[in-house]
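Every number in this text was worked out from the coordinates using simple rules, so none of it is lab data. Bear in mind that the values here come from a model prediction, so they are computed numbers and not experimental data. Note that each Cβ is placed from the backbone with ideal geometry, even for glycine, and that neighbours are counted across all protein chains shown.
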Amino acid sequence: MEGEFRYRGRVITAAELEFIRRLIAGHPGASRRQLSLRLCEAWQWKQANGAPCDMVCRGLLLGLQRAGQIELSPVHHVHRNPPTRHEAGRWKADRVELDTTPLAVPLSALRPLEFRQVRRTVEERLFNRLLEQYHPLRYVQPVGEHLKYLVYAAGRPLACLAWSSAPRHLGARDRFIGWSVEARRRNLRFLAYNPRYLILPWVRVPHLASHVLGQMA
């Protein structure tokens, strides 16, 4: 391999690159996801919870292809978000019709709150639309590993929270923590980012925002 290929701080050796090439050649009909899962299994590339590092591994394969080191099969299936459509470079969602009657009650009147992880469920559609319609930054498809939560009280949605994996490099964060390169490599997986947090505009409940964050933790 000419030069050195690095991905997320890991150097891909010539032997590892040859292994990937043999893996691709040995499974000509496999999708990119299937190849990624096979590579994760072969390298024991797993997250802390035991799940394969599928998205990270697929990023590696794509990076190697862009560098001209491997040749992947064409994309077998393009995942599209069914409740949204892309228009002029932005996600545009249909408007949501909800009960927007002002909700101004003590927090004690709403507890216990219900937290629903809605990614890859029928309620993901509602989550995306609420952010697109009511969040000042609108809805953007999260990158990497992520979760989406809706918070309910008595069956009525109150809030949306998106969580995602942490960026590998973030100067202000890294300086604040004061960790070394090695410490960051070891501990980055313990960080979760909250790129979107929305309390619906008709909800006026004192201390709700901090209570929701505390319950999420």
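Per DSSP H run of n ≥ 4, the term is -39500 (n - 2.57); total these for the chain, divide by its residue number, and report the mean residue ellipticity at 222 nm rounded to 500 deg cm²/dmol.
-10000 deg cm²/dmol
Rank Asn194, Asn128, Asn49 by mean-square fluctuation in a GNM of the chain with C-alpha springs under 10 angstrom and give only the top-ranked residue.
Its mean-square fluctuation being the largest, the pick is Asn49.
Take Arg119 and Arg168, extend 7 Å from each Cα along the Cα→Cβ direction, and tell me the distance between the two endpoints in nm.
Each label point lies 7 Å from its Cα, and together they span 1.9 nm.
Between Gly63, Pro142, Ser210, whose Cα lies farthest towards the positive end of the dipole of the chain when Lys and Arg beta carbons carry +1 and Asp and Glu beta carbons carry -1, centred on the Cα centre?
Value computed over the given set: Ser210.
Where the only charges are on Cβ atoms (+1 Lys, Arg; -1 Asp, Glu), what is the dipole of the chain about its Cα centre, to the nearest 20 debye?
Rounded to the nearest 20 debye, it is 160 debye.
How do 201-208, 22-29 rank on mean C-beta neighbours within 10 Å, highest first?
So the peptides 201-208, 22-29, ranked by packing, come out 201-208, 22-29.
Using only Cα atoms, find the angle between the long axis of helix 54-66 and the longest principal axis of the chain, and express it within 0 to 90 degrees, rounded to the nearest 10.
Result, in degrees: 50.
Amide H neighbours of Gln47 under 5 Å, counting only residues 5+ apart in sequence or on other chains, H built in-plane at 1.01 Å?
For Gln47, the qualifying residues are Cys53.
Measure off 7 Å from each Cα along the Cα-to-Cβ vector at Ala183 and Ala15, then give the distance between these two points in nanometres to one decimal.
It works out to 3.3 nm between the two label points.
So which residue, out of Pro74, Pro106, Pro142, gets the largest mean-square fluctuation from a GNM of the chain using Cα contacts under 10 Å as springs?
Comparing Pro74, Pro106, Pro142 in the GNM, the peak value goes to Pro74.
Hey, with R₀ at 25 Å, roughly what FRET efficiency would His27 and Met55 work out to, going by the Cβ-Cβ distance, to 0.05?
0.80
So which GluC sites (Glu not before Pro) in segment 92-176 are both in a DSSP loop and have at most 10 other Cβ atoms within 10 Å of their Cβ?
Numbers: sites: Glu97, Glu114, Glu123, Glu124, Glu132, Glu145; in loops: Glu97, Glu123, Glu145.
Of the GluC sites (Glu not before Pro), the ones in loops of segment 92-176 whose Cβ has at most 10 other Cβ atoms within 10 Å are Glu97.
Amide H to amide H under 5 Å from Val105: which residues, 5+ apart in sequence or cross-chain, H placed 1.01 Å off N in plane?
Arg204
What are the semi-axes of the equivalent ellipsoid for the chain, taken as the square roots of 5 times the Cα gyration tensor eigenvalues, largest first, in whole Å?
Working: eigenvalues 310, 94, 45 Å².
Each semi-axis is √(5λ); the values are 39, 22, 15 Å.
What distance in nm lies between label points placed 7 Å from Cα along the C-beta direction at Asp99 and His146?
Here the answer is 3.0 nm between the modelled labels.
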